[in-house]
Amino acid sequence: MDGQITGKFGLERETLRVNHQGRLAQTKHPFTSNHLSRDFCENQLEIITPVCDSIDAAVKSLAALSKTAENLLAQKHESLWLYSNPPFITSADEIPIAEFNEENVQNRIYREHLAQVYGKKMMLYSGIHFNLSFPDFLKNGDNDSFYMKLLKYSTKYSWLLVLLTAASPIYDRSFDDDTQRGMMVSKYTSLRNSERGYWNHFTPILDYSSVRSYCASIQTYIDKGALISSSELYVPVRIKPPGKNTLQALSEEGIDHIELRMFDLNPLDSNGICQNDLQFSYMLLLYFASLDDFDFTAQMQAEALDNHKKAAYQDWQTIKIDNESICDAANALFDGMSAYFADQSAFLNQINYQRKKLDYQNSYSEQIIHLYKSRIYNCI
């Protein structure tokens, strides 16, 4: 491919609306565009790009939509909160569940369920979701098997993207206790990806042997009452069908694209996501596509989820992945990718860019902590 990035791409940016004091805005959702939608609550915005032919086009679309939102909010003395962790909150009363018309009443019922099961504060975590599909010539005529293999690999190694892109080490004490106030540096590089994220209250074990088996295993949890719908399955990677995203459509129509959901909002980038990280993620999946398929056992699935959470700790020195340090495990993946892309200089440059982050001083988390301590970001 000679460093070419081909496929279809889309970005979803979750973010909170805040007033000029940095508090959650208590106004109604002010947008009418389908690209500027509500998420969990009335003051949580989801910016959704159209499907784009390149990562660059998706990033530019996100920038344009974000600018549109910012311009309208500025007229209301509001702005977009730049961080994955929410600002100071006095109580859950500041978090009104998103309002929907009668045609979409199920959306309201679903959110009320989430508030009851997980708590409103937990649902304020915000991040970037990266949707991508690949051209047919890579799939050897078997679209669903191609994506199921990518789903297994990207779930097994989701910890790598957490390690490289975590950007939320600071949060307000009110997130823990309504009576507390003031920012603090946590022991995590990313709260939402850590053990403190909004995970299901059980470890989901799914059947990855085929897309229909995968859907059936999710339906089993719904039938048992462990999930209200497939949307409540909180996993770092999802597969989606063409058109409306339902479990039935996925089972009957197959897979259209894969969604990576682990990216923090990065306050070091105006779009909340570094384009290099998106390009690397594409490369990582492309590399996974070249590897042999495998049986994603129950034990491996549990370990993958545990590794994902461990990768969100600040203390990289003590984190082990498959009995080796997390940085050694990351370097092993980089080495494999470098061998696969050996004749593609643009891709090799991307790998080297990411490899430098294994020096903790170069991590986003450490850069943000440094800026916070120097009071450059004293409003975080």
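The values are calculated or read from the model by the stated rules, or taken from the named source; none is laboratory data. All of these numbers come straight from a predicted model, not from anything done at the bench. Backbone-built Cβ (ideal geometry, glycine too); neighbour counts: all protein chains shown. Only protein heavy atoms, including side chains, enter the accessible area calculation; ligands, DNA and RNA are left aside. Shrake-Rupley method; radii C 1.70, N 1.55, O 1.52, S 1.80 Å.
Tabulated data for the structure shown
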| item | result |
| --- | --- |
| Selected residue (criterion: least open to solvent (accessible area, probe 1.4 Å)) from residues of segment 76-105 that are without any contact (Cβ under 8 Å) to a residue 24 or more places away in the chain and acidic (D, E) | D93 |
| Test for A57: is it of a type in the set (G, A, S), modelled with pLDDT of 95 or more, out of contact with any helix residue (DSSP H, G or I) (no Cβ under 9 Å at 6 or more places or on another chain) and farther than 30 Å from I5 by Cβ | no |
| Matching residues, segment 36-70, being under 27 Å from I95 (Cα atoms), touching a Ser or Thr at 6+ places or on another chain (Cβ under 8 Å) and in a strand (DSSP E or B) | L36, Q44, L45, E46, I47, I48 |
| Test: residue in segment 126-139 that is touching a helix residue (DSSP H, G or I) at 6+ places or on another chain (Cβ under 7 Å) and free of Cβ contacts under 8 Å to residues at least 24 places away in the same chain | yes |
| Residue in segment 111-124 that is under 16 Å from N271 (Cβ atoms), open to solvent by less than 20 Å² (accessible area, probe 1.4 Å), out of contact with any helix residue (DSSP H, G or I) (no Cβ under 6 Å at 6 or more places or on another chain) and among the hydrophobic types (A, V, I, L, M, F, W, C) present | no |
| Positions within segment 289-308 being of a type outside the set (A, V, I, L, M) and surrounded by fewer than 20 Cβ atoms within 10 Å (Cβ to Cβ), in sequence order | S290, D292, D293, F294, D295, T297, Q299, Q301, E303, D306 |
| All positions within segment 1-35 that are outside any loop (DSSP other than H, G, I, E, B), open to solvent by less than 20 Å² (accessible area, probe 1.4 Å) and either closer than 30 Å to G182 by Cβ or charged (D, E, K, R) (or both) | R13, E14, T15, L16, R17, V18, L24 |
| Lone unmet requirement of (1) open to solvent by less than 30 Å² (accessible area, probe 1.4 Å); (2) at pLDDT 95 or above; (3) at negative phi for W316 | (2) |
